[in-house]
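> Got a structure here, written out as structure tokens. Questions coming.
The values are calculated or read from the model by the stated rules, or taken from the named source; none is laboratory data. Note that the coordinates shown come from a computational prediction; the quantities given were computed from them, not determined experimentally. Here the Cβ positions follow ideal geometry from the backbone for every residue, glycine too, while neighbour counts run over all protein chains shown. Heads up: the accessible areas ignore ligands, DNA and RNA and are worked out on the full protein's heavy atoms, side chains in. Shrake-Rupley method; radii C 1.70, N 1.55, O 1.52, S 1.80 Å.
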Amino acid sequence: MNIDTSTKFVQMKTVLDRLSELKRERYSNDEISELLTPKFDDAKSLASGQSSTDASRLVVITSYNSASYQIESIIWDETPKSKTFDWKETDETGKVTKSKVTVAEYLDRRWGVKLTADEFKQPLLQLTARGQPVYLVPSRCHEASLPKDFTKDANKMKDLRNYMITDPTIRYNRIGDLTATVFSQAKILNDWNI
């Protein structure tokens with residue numbers, strides 16, 4: 001078994017909070033899209049598949065499955081209740097059914113996430129995964145990065161490094177603690193077929 005420690009920074013504000021802040025500061029939808037989801041800027045970036053533009057795109061973690069996604073665009077004229085897509089759903093017997101669902105219906109059926117009436121009115125975040133479009137709801141996403149004002153403060157970054165870059169002995173002890181916890185919980189091992 002290979003284990004290592006990992007550090008992720010997740011802001012408590014949702015992406016919807018960030019969009020609302022930018023709107024209050026009088027940014028237009030196009031300006032917000034350009035700020036959070038800049039487009040590829042040259043042929044080299046397209047060829048390599050990674051660029052400084054890519055690195056500056058909004059990365060989010062969803063609250064319902066803790067997965068991280070790099071956002072490619074914001075769809076301002078669609079909402080979780082209006083945007084539909086084809087979804088292949090597999091039931092407990094293994095039967096696959098294909099149906100057209102809204103983003104809100106998908107979240108409810110797949111993840112048990114029931115959106116509120118206010119959440120039905122927000123735009124959608126879009127990315128592509130395995131050649132298919134994926135739509136996320138901003139109120140259920142958190143930015144997976146440190147705020148710019150934090151990263152520009154050398155003292156704060158120095159203090160943070162003490163927690164991110166740990167001594168090998170400390171890392172070893174943390175991994176040992178995790179391993180001991182997992183192995184002391186037989187149910188977890190059975191659930192994982194270990």
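So that you can scan it fast, the table gives a plain yes or no per residue for (1) within 27 Å of the chain's Cα centre (by Cα); (2) at pLDDT 70 or above; (3) part of a helix (DSSP H, G or I):
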{"position": "159", "(1), (2), (3)": "yes, yes, yes"}
{"position": "163", "(1), (2), (3)": "yes, no, yes"}
{"position": "172", "(1), (2), (3)": "no, yes, yes"}
{"position": "182", "(1), (2), (3)": "yes, yes, yes"}
{"position": "189", "(1), (2), (3)": "no, no, yes"}
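> Across the stretch 85-96, what is the total count of residues that are surrounded by 10 or more Cβ atoms within 10 Å (Cβ to Cβ) and at pLDDT below 90?
1
> Another question, if that's okay. Out of curiosity, is residue 99 open to solvent by less than 50 Å² (accessible area, probe 1.4 Å), polar (S, T, N, Q) and at pLDDT below 95?
yes
> Right, here's the next one. Could you check how many residues of the stretch 114-132 are hydrophobic (A, V, I, L, M, F, W, C), crowded, with 18+ Cβ neighbours inside 10 Å and outside any strand (DSSP E or B)?
1
> In addition: Before we move on, is residue 139 assigned to a loop (DSSP other than H, G, I, E, B) and under 20 Å from residue 71 (Cβ atoms)?
No.
> Out of all the residues in the stretch 25-43, which are in a helix (DSSP H, G or I) and either open to solvent by less than 70 Å² (accessible area, probe 1.4 Å) or at pLDDT 95 or above (or both)?
Within the stretch 25-43, 29, 32, 33, 36 qualify.
> Please enumerate the residues belonging to the stretch 54-81 that are open to solvent by 60 Å² or more (accessible area, probe 1.4 Å) and at pLDDT 95 or above.
Answer for the stretch 54-81, where residues must be open to solvent by 60 Å² or more (accessible area, probe 1.4 Å) and at pLDDT 95 or above: 76, 77, 81.
> Let me ask another. I'd like the full set of residues that are of a type outside the set (Asp, Glu), at pLDDT below 95 and over 17 Å from residue 110 (Cβ atoms), limited to the stretch 131-146.
Once the filter is applied, which keeps residues that are of a type outside the set (Asp, Glu), at pLDDT below 95 and over 17 Å from residue 110 (Cβ atoms), the stretch 131-146 yields 131, 142, 144, 145, 146.
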